[in-house]
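Enquirer: The structure that follows is given in the form of structure tokens.
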Amino acid sequence: AYSNNQGADRFMSIHSNAFSDAGANGTETFSYSASGTASALRNLVQDEMIKAWGLTNRGNKTANFAVLRDTAAPAELHELAFITNTNDAAKLASMTERQKAAEAHLRAIQRHYNIAPYVPGTTMPPQDTDGEIAGHVTDDAGPVAGATVKLDGGASVVTDRDGAFLFTKAAAGDHLISATADGYKAAMANVTVAASARAEVDIVLERGETGEPGEEPPPGEDGGCSTSDGSGPLTLLALLALVAPLRLRRRRA
């Protein structure tokens, strides 16, 4: 009832076994039914305890125990060993062995939830902190299919028919995304990725000459206003305008 009231996700019941025959020994684990989530957890607990203590494997079993039948959460009941057996009782009496049993149950629940195994108080295993970057490339008419999108100038993907793109591996931190397509000016966008999260970004392209982001036109090809040294057509016209009046004054003299 307490477990049900708390809305527990899983129920793990841990026991010491006993029998009138002192020869009975070993480890066994129970669930209410032979299949489903509870039985999957049961199997992991039994597997980890056999590895930890190495006692007789009495197997994975089913039983009509109240804690298995009436508990709302998937439940397993584990019998560590027989307190009525000399060899088994030595395991139960040992603080070191009980710690091993506790860690075996911990590993079972970690495996059940697909969590990297670790013991609290020890160093955590390396965690995957990469995130994802998803977005769309569009123009004034809608999605741009076939655009090349680069991540920090390195890895690249091509947009699909909806203009969508996805980078499945992007380290947490700041990134620069660039997009290019035939007939469009290149565009860039900044995006920040959080660990194990997805960041979204939209890039809008403008029609024009194709080029890499930040590409400068060659000297002398910028519309004819000036060359790299400041001279050009406008400067030449200005010089001619100054020379013409001087010639006129000489003729009058």
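Enquirer: Quick check: from the Cα gyration tensor, does the range 11-154 come out rounded (a/c under 1.5), prolate or oblate?
Expert: It is prolate, given that a/c is not under 1.5 and a/b is the larger ratio.
Enquirer: Between Asn190 and Ala141, what length in nm is gained on full extension when 0.36 nm per residue of separation is reduced by their alpha carbon distance?
Expert: 15.3 nm
Enquirer: Ignoring ligands, DNA and RNA, what percent of the 1.4 Å accessible area of the range 1-56 is carbon and sulfur?
Expert: Carbon and sulfur atoms account for 48 percent of the accessible area of the range 1-56.
Enquirer: Taking the alpha-carbon centroid of each part, what is the distance from the range 141-195 to the range 1-43 in angstrom?
Expert: When both Cα centres are located, 52 Å separates them.
Enquirer: Could you calculate the FRET efficiency of Asn114 with Ala73 from 1/(1 + (r/R0)^6), where r is the beta carbon distance between them and R0 is 22 Å, rounded to 0.05?
Expert: Numbers: r = 18 Å, r/R0 = 0.82.
Taking R0 as 22 Å, the efficiency between Asn114 and Ala73 is 0.75.
Enquirer: While we're here: Among Tyr184, Ala194, Val158, which residue has its Cα furthest toward the positive end of the charge dipole of the range 158-213, with +1 on Lys/Arg Cβ and -1 on Asp/Glu Cβ?
Expert: In the range 158-213, that residue is Ala194.
Enquirer: While we're here: Taking only C-alpha pairs under 8 Å that are 6+ residues apart, what is the relative contact order of the range 18-68 in percent? Could the numbers behind the result be given before it?
Expert: Values: 58 pairs, mean separation 24.1, N = 51.
Taking the mean separation of contacting Cα pairs over the length of the range 18-68, I get 47 percent.
Enquirer: Excluding ligands, DNA and RNA, what is the solvent-accessible area per residue of the range 1-87 at a probe of 1.4 Å, expressed in Å²?
Expert: For the range 1-87, the per-residue accessible area is 51 Å².
Enquirer: Quick one: pull the percent of accessible area on the range 77-172 belonging to carbon and sulfur, 1.4 Å probe, ligands and nucleic acids left out.
Expert: Here carbon and sulfur together make up 55 percent of the probe-accessible area.
Enquirer: In addition: Report the full-extension gain for the segment Arg198 to Ser33: residue separation times 0.36 nm, less the Cα-Cα distance, to one decimal in nm.
Expert: 55.5 nm
Enquirer: Roughly how many Å² is the accessible area per residue of the range 107-205, as a whole number, for a 1.4 Å probe?
Expert: 57
Enquirer: Could you give the dipole magnitude of the range 107-207 about its Cα centre, charging the beta-carbon of Lys and Arg +1 and that of Asp and Glu -1, in debye to the nearest 20?
Expert: My answer is approximately 500 debye.
Enquirer: At 0.36 nm per residue, and after removing the present C-alpha to C-alpha distance, how many nm does the segment from Ala40 to Asn5 gain when stretched out fully? Intermediate values should be presented prior to the final figure.
Expert: On the way: separation 35, 0.36 × 35 = 12.60 nm, distance 2.36 nm.
Result for the pair: 10.2 nm of gain on full extension.
The values are calculated or read from the model by the stated rules, or taken from the named source; none is laboratory data. As the structure is a prediction and not an experimental result, all values here were calculated from the model. Backbone-built Cβ (ideal geometry, glycine too); neighbour counts: all protein chains shown. These accessible areas exclude ligands, DNA and RNA; they are computed on the full protein's heavy atoms, side chains included. Shrake-Rupley method; radii C 1.70, N 1.55, O 1.52, S 1.80 Å.
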